[in-house]
1. Among (1) surrounded by 21 or more Cβ atoms within 10 Å (Cβ to Cβ); (2) touching a residue at least 12 places away in the same chain (Cβ under 8 Å); (3) within 13 Å of chain A (Cβ to nearest Cβ), there is one condition residue B:178 misses while meeting the rest; what is its number?
2. Which number in (1) more than 10 Å from every other protein chain (Cβ to nearest Cβ); (2) touching a helix residue (DSSP H, G or I) at 6+ places or on another chain (Cβ under 8 Å); (3) within 27 Å of residue B:234 (Cβ to Cβ) marks the one condition that residue B:126 misses?
3. Do we find that residue B:101 is surrounded by fewer than 22 Cβ atoms within 10 Å (Cβ to Cβ), at the interface with chain A (Cβ under 10 Å from one of its Cβ atoms) and without any contact (Cβ under 8 Å) to a residue 60 or more places away in the chain in this structure?
4. Of the residues A:292, A:321, which is in contact with a Phe, Trp or Tyr (Cβ under 6 Å, 6 or more places away or on another chain) and either outside the structural domain of residue A:136 (by TED's automatic domain parsing) or under 29 Å from residue A:137 (Cβ atoms) (or both)?
5. Looking at A:120, A:98, which one is more than 22 Å from residue A:193 (Cβ to Cβ), buried (at least 21 other Cβ atoms within 10 Å of the Cβ) and among the acidic types (Asp, Glu)?
6. Looking at the range B:62-82, which of its residues are polar (S, T, N, Q) and under 30 Å from residue B:375 (Cα atoms)?
7. Mind telling me which of the residues B:365, B:311, B:378 ends up being farther than 22 Å from residue B:189 by Cβ and touching a residue at least 12 places away in the same chain (Cβ under 8 Å)?
8. Scan the range B:153-173 and give yes if some residue there is modelled with pLDDT under 95, within 11 Å of chain A (Cβ to nearest Cβ) and assigned to a loop (DSSP other than H, G, I, E, B), otherwise no.
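The values are calculated or read from the model by the stated rules, or taken from the named source; none is laboratory data. Bear in mind the structure is a predicted one, so any value in this text is a computation, not a measurement. FYI the Cβ positions are ideal-geometry reconstructions off the backbone, even for glycines, and counts take in every protein chain you see.
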Amino acid sequence: MSVKIGFIVNPIAGMGGRVGLKGTDDVVDKAVKLGAHPIARLKAEEMLHEFSAISVNHHDVVWVTCDDDMGKNELEAIGIKNIQIVYAPKGSRTSANDTKNACKKFLESPPDLLVFCGGDGTARDIFTIIDKKIPLLGIPAGVKMHSGVFGITTNATAKMLQEFINKQLTVGDAEIMDLDEELYRKGEWKVRLYGIAKGIIEPTYIQVGKTCFESVSDDEVKDELAEHVNDELEKHKDWMFLFCSGGTIDSIAKKLNIEHTLLGIDAIYQKTLLAKDVNEEQILQLLKKYPKTKILLSPIGAQGFILGRGNLQLSPEVINKIGIENIIVVATPSKLIHTPILRVDTGDKRLDHRFTNQGYLMVVIGYRLSRVVKLQTNSF
Amino acid sequence: MTQITKRNPNKFLKDEFDELVRNHLEWNIRILESGSKPHSIVNGKEVIMLCSNNYLNLSNHPRLIQGAIDAAKKYGAGSGSVRGIAGTLKIHTEVEKRLAKFKRTESSLIYQTGFAVNSGLIPQLVGEGDVVISDELNHGSIIDGVRLTKADRAIFKHRDVSDLERVLKDADKKYRRILIISDGVFSMDGDIAPMDKIVKLANEFGAMTYVDDAHGEGVIGEDGRGIGAHFHIEGKIDVEMGTFSKAFGVVGGLIAGSQDLVNFAYNKSRTWLLSGSHPPAVSGAQLAAIDVLETEPEHVRRLWDNTKYFKKELNSYGFNTGGSETPITPVIVGDAGKAKELSNKLYDEGVFALPIVFPMVARDKARIRTMMNAGLTKKDLDFALDKFEKLGKQLSII
């Protein structure tokens, strides 16, 4: 049976990096003047080349793509023939609008998966239109790749694509992250969670017999995590809980019938919402009334950050007041496969060191089930 | 005929089986017409047996067969009851005394099966406020036993003592009792848990140790006394669990340890209390198996000679046999399809060895798992090796 794969390249992705611009959003002209060369096309072709080499059934794939360097040229360069063009960019230089308009075309007859080549900016533009309607897989070619939809390398992306086509991988939540590029060019990091897309993930298997295994959906794993968190809430009735941002925590909150902000932090007390989408100042105020507090968070994005990328409301002052021993980290096993190391970058070196001294963190991966995961303090 | 109005209560049986068949995940049961022997008749064809757990070929030993006959003649075919009520025969207690002596522990207890030990005893050893720390590749019966407890669970990396220490440090602050559980010999890779180091670490933290030595019993340690003897720490592992169904050639689970452990175990394990006890013939064969191990060391020696020869030859052809240290020798092929093909072709050529594929092992580590038998001759091994070499080349594995 043939599989329909959408394919889109952002030809200008990654151009800022080589010339020290930290992203190409809004500064293409400057990048070109500084001598930036397009790398997206190379990365896209690398991935396609690897995919053709490892996949025996790649002839069954129908590629739905865009004209010129937005997909067609890269596919043809590898000798791929089953191509349908659904969008042609206007003008000689493409922009974010071309990406978005192409995505609107993809939605008219949605492919099974949309493979794109670019960075976090491209992922964000695509997500704005596609939302959760088509699962995404990113070939890393930008300057910043914090989003969870990217393969770690071009080869890893090819392998994921092949395994998706062979139905060995399944669809699950993946974060779209974004960085404020204006601030970043001034030397400031502000990575935030932009939304939750559909990505492709490794299924989780549980042993159900002596040598029998059953694939469980991400949703079932989240049911277990929710049950675990429910026990924690029951055990600590006089504690406040800060439910942080992201898809995993959001699922847990939903399963517990607790109202939750996907992209923000909510304060919960005795299973009811105390305050919604709180900022640092509001958390500090709440801590005066509720000194006994636990933080419930999950790694966000491709690099396994639990603090420092997203959840920026958890400032060093907040964490110091709550105590690092009161942080509960939960993650689905499929997430940990891709992010085997967790990272913190709180902005406070001394606090970061307290995490580093620990070296490892217990992460809850199922109902009453945990394992240690390596922890690094890391500023990218 | 009853008309089904509300729901069809049996529909899922067929639906779920059909689903397994569609995904090629159903068990194809093979019929042995010969008993489990070095040369067995499997589905009507004579093959060299490389996938039974009958490591020492004791299931065919004349003394075991005689032991079964004698016990049946003396005590009858069945035991009449569960152990707790009126089903403890003298021969059951004789086996337990002999086994404790063999294992060099204070006491021992026989369960109906190994699975009955893990699913019956583990949930009694820990409860609310405790934690079980488990090797990530532990056997399914341990996983099921752990699921029945109210304790928290933590996983440590396969055979990684440093990772275990990290978990212990964290657990030390939080829990009442800590139970560390590991397979002794891991059934997929044939590697051995570092029980000496695990016991040392457990002592530092006041944790209890539990080892499932199903594949080590009768195989490793002096005269096949198991993992305690292998590391010279007899009696230091709190619960040594094993089975009579593999190298011992019979059936039945066992624990060996202190008298306190045994008293606790038979009073609390529901599987032990609520299942019928072994038929006398089983106990007779168990007793004879211990006799044979104590008086005929050649079986264990032959098993290891065969294992070393087979591994060495496979490696010399260029096969990857992983990190195995025991008579379980995986022949790692990589691709699942290729592993299945190799297994089918081996069977056609007269060698019986089954493939193990994802998710039982990592996706790119599909393999044929071979298990050595002391009853195979050098000629048999050369025959099997020849087929491995020929097919390995044919399928571009070597």
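1. (3)
2. All conditions are met except number (2).
3. Values: surrounded by fewer than 22 Cβ atoms within 10 Å (Cβ to Cβ): yes; at the interface with chain A (Cβ under 10 Å from one of its Cβ atoms): no; without any contact (Cβ under 8 Å) to a residue 60 or more places away in the chain: yes.
So residue B:101 does not fit the description; no.
4. Details: A:321 fails: in contact with a Phe, Trp or Tyr (Cβ under 6 Å, 6 or more places away or on another chain).
One residue alone meets the criteria, A:292.
5. Details: A:120 fails: more than 22 Å from residue A:193 (Cβ to Cβ).
Result: A:98 is the single residue among A:120, A:98 that is more than 22 Å from residue A:193 (Cβ to Cβ), buried (at least 21 other Cβ atoms within 10 Å of the Cβ) and among the acidic types (Asp, Glu).
6. Initially, the range B:62-82 is screened for residues polar (S, T, N, Q), giving B:66, B:79, B:81.
The answer is B:66, and nothing else.
7. After ruling out the rest, the residue left standing is B:378.
8. Yes, the range B:153-173 contains a residue that is modelled with pLDDT under 95, within 11 Å of chain A (Cβ to nearest Cβ) and assigned to a loop (DSSP other than H, G, I, E, B).
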